[in-house]
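Where a number appears in this text, it was derived from the coordinates with a stated rule and is not lab data. Just so it is clear, the structure is predicted and the values come from calculations on it, not from any experiment. Glycine also receives a Cβ, built like all others from the backbone with ideal geometry; neighbour counts cover every protein chain displayed.
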Amino acid sequence: MKPLFIGGERVTTSSAVENVNPSDISDVIDTYAQAGVAETQTAIQAARAAFEGWAFSTPQERHDVLKTTGDEIIARKDELGTLLSREEGKILSEGIAEVTRAGQIFHFFAGEALRQTGEIVASVRPGIGVEITREPIGVVGVITPWNFPVAIPAWKIAPALCFGNTVVFKPAELVPGSAWELTDILHRAGLPEGVLNLVMGPGSVVGQTMLDDPRIDAITFTGSQATGARVAQACVTHMRKMQLEMGGKNPLVVLDDADLDVAIEAALNGAFYSTGQRCTASSRLIVTQEIHGRFVDGLSQRMRGLKVGHALAADTQIGPVVDATQLAQDLEYIDIACRQGGSLRGGNSSMTHETQGFFLEPALITETVPEMRINTEEVFGPIASVIRVRDYEEALHVANDSTYGLSAGICTTNLKYASDFKRKAEAGMVMVNLPTAGVDYHVPFGGRKASSYGPREQGSHAREFFTTVKTAYTAP
Ligand code: NAD
């Protein structure tokens, strides 16, 4: 059994769950200890007790832990990428790329630890000095989803530690393996006891205990909109800082003047790679009428060529859906879309390839209109819908007509439309001639409307959430 990490100790529990490979349900990766209310509260206490020491640690100490962690992650990227693909189901090249990115994030924040600055401002009063500094917030609760098992924990934990906070980390139930390895690496890199605590277990128990505990000063959460709303309510009750990254219904606009190959590639990648299980997936393809037929035919042809299968097989391009519940949800949305008038291409599901897993062929649903549920609700699978529109103005309107606002893309060769879309798209991230998914690790990440709440994640903007500002006045 892989234990919890509480106060620097490895803690086993009476209950444990199996981590099952979605590509092959006969493959049990390991068993993982499960925290209950008591273990979670002990972890919160350990983080509290460790806070003062870590808050006043030197930038060099923090740099060294983060740098050593990044070095080990990158050195072990093939092994950790294999574990990630085995537990989550994204293909091996994607698993290794995600692990590499996690290592790069730790290196970025190792550097940020050495770049902590303040401001000296002239007072409006004579003889007074004014200093503006940043301080850690305190104990940060990190609650993460299953779809990026190592990158999302990395982009929350690395800045939390960089700026002197201590952490209680609760990973998603389906992917404890990557979370466990990351925590183990950080401990061996020299993190003092209690600075990072890992509590694996159900959201309704471990996550809820974190939300209810006033000793947690801030929560950074990524997951569904429904859970995000619960997190928000609890944070308001406790007057604590929060950062929420939630769902998306990301539009990719394809205009008549687009380079057809570029548009098809962007749609194929954005909608279906990583099995469509990305919050930034291109799930709404909004296509103007002249190019519509060629685009749909070309995309369908490329989809038919995609090899669905075991995530670790060398020739697989689309791995399985993460579990039975997600597969049932995907199939239900395909069914709803067809019943509401959509026309389906692909979308066959089969448990049996060479192994038994949750396999689903990419699905494209054409002839849809914006009001259909397939265009208003996040599905989170290898499923995209096509909405035919008259012109750019209608495309922009449809793109923005969503409760979500994470990422938005446009394929066009016209600078006027590209510039206008960058300006007017109601999204945190805008892509021109690129998929809506796939971002850099050193620049802000996040969205608007129901997709995000609170300051941006990643890059130097991460400082906004993970620090609090102090203004000090000194009279001579
Ligand atoms: P989820 O909301 O089911 O779970 C997210 C986390 O919250 C898990 O660790 C879960 O255990 C925990 N949780 C559940 N109930 C809780 C409670 N009552 N109190 C506290 N914590 C609780 O989401 P998921 O299914 O793991 O992930 C998929 C979702 O994540 C999708 O909606 C996707 O769009 C979103 N996502 C968003 C981003 C982004 O940056 N915007 C990135 C990746 C995924």
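Tabulated data for the structure shown
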{"read-out": "Amide N proximity, region 446-461 versus Glu119 label position 7 Å along Cα-to-Cβ, cut-off under 19 Å", "value": "455-456, 460-461"}
{"read-out": "Extension gain from Lys307 to Ile128, taking 0.36 nm per residue of separation minus the Cα-Cα distance", "value": "57.6 nm"}
{"read-out": "Computed E for Ile25/Glu79 - FRET, C-beta separation, R0 22 angstrom, nearest 0.05", "value": "0.45"}
{"read-out": "Semi-axis lengths (Å, descending) of the ellipsoid that matches the C-alpha gyration tensor of region 250-432", "value": "27, 17, 15"}
{"read-out": "Fully extended contour minus Cα-Cα distance, from Val432 to Arg10, at 0.36 nm per residue", "value": "147.2 nm"}
{"read-out": "Sum of -39500 (n - 2.57) over DSSP H runs of 4+, divided by residues of the chain (222 nm, nearest 500)", "value": "-12000 deg cm²/dmol"}
{"read-out": "Values of log10 I(q)/I(0), in the order q = 0.06, 0.09, 0.12, 0.13 Å⁻¹, for the chain under a Debye, Cα-only, solvent-free model", "value": "-0.27, -0.61, -1.04, -1.18"}
{"read-out": "Ranked by how many other beta carbons lie within 10 Å on average, peptides 116-122, 338-344, 273-279, 374-380 from highest", "value": "273-279, 374-380, 338-344, 116-122"}
{"read-out": "Share, in percent, of DSSP beta bridges within the chain that are antiparallel, nearest 5", "value": "45 percent"}
{"read-out": "Charge context of Arg115, other residues only, Cβ under 13 angstrom, K/R +1, D/E -1", "value": "+2"}
{"read-out": "Karplus-derived HN-Hα couplings along region 151-160 (A = 6.51, B = -1.76, C = 1.60, θ = phi - 60°), whole Hz, x at Gly and Pro", "value": "5, 5, x, 5, 7, 9, 6, 4, x, 4"}
{"read-out": "Sparse-neighbourhood loop sites, trypsin sites (Lys or Arg not before Pro) in region 352-407 - DSSP loop, at most 10 other Cβ within 10 angstrom", "value": "Arg390"}
{"read-out": "Pairwise Lys count, the chain - Cα closer than 16 Å, eight or more residues apart or different chains", "value": "11"}
{"read-out": "Rounded to whole Å, sorted largest first: equivalent-ellipsoid semi-axes of region 109-177, Cα gyration tensor", "value": "37, 12, 8"}
{"read-out": "Label-point gap, in nm, between Glu135 and His442 - each point 7 angstrom along Cα→Cβ", "value": "3.2 nm"}
{"read-out": "Dipole in debye (nearest 20) - region 286-411, about Cα centre, beta carbon charges: Lys, Arg +1; Asp, Glu -1", "value": "340 debye"}
{"read-out": "About the Cα centre, charge dipole magnitude for the chain (Lys/Arg +1, Asp/Glu -1 at Cβ), debye", "value": "1120 debye"}
{"read-out": "Relative packing of 360-370, 80-90, which averages over residues the other C-beta atoms within 10 Å, highest first", "value": "80-90, 360-370"}
{"read-out": "Hz values of 3J(HN,Hα) by residue in region 166-179 - Karplus curve (6.51, -1.76, 1.60), Gly and Pro given as x", "value": "9, 9, 10, 10, 10, x, 5, 4, 6, 9, x, x, 5, 5"}
{"read-out": "Spin-label pair Asp297/Thr471, simplified geometry with 7 Å Cα→Cβ offset, distance in nm", "value": "6.5 nm"}
{"read-out": "Of Val296, Ile334, Gly347, farthest towards positive along the dipole that unit charges on Lys, Arg, Asp, Glu beta carbons give region 278-380", "value": "Val296"}
{"read-out": "Per-residue ³J(HN,Hα) for region 23-29, Karplus 6.51 cos²θ - 1.76 cosθ + 1.60, θ = phi - 60°, Hz, x for Gly and Pro", "value": "7, 7, 6, 7, 9, 9, 6"}
{"read-out": "Farthest toward positive dipole pole in the chain [+1 Lys/Arg, -1 Asp/Glu at C-beta], among Ser14, Thr68, Cys162", "value": "Cys162"}
{"read-out": "Rg [Å, one decimal], Dmax [Å, integer] - region 358-476, C-alpha atoms", "value": "18.7, 73"}
{"read-out": "Nearest 10 degrees, 0 to 90: helix 92-113 Cα axis against the chain principal axis", "value": "30 degrees"}
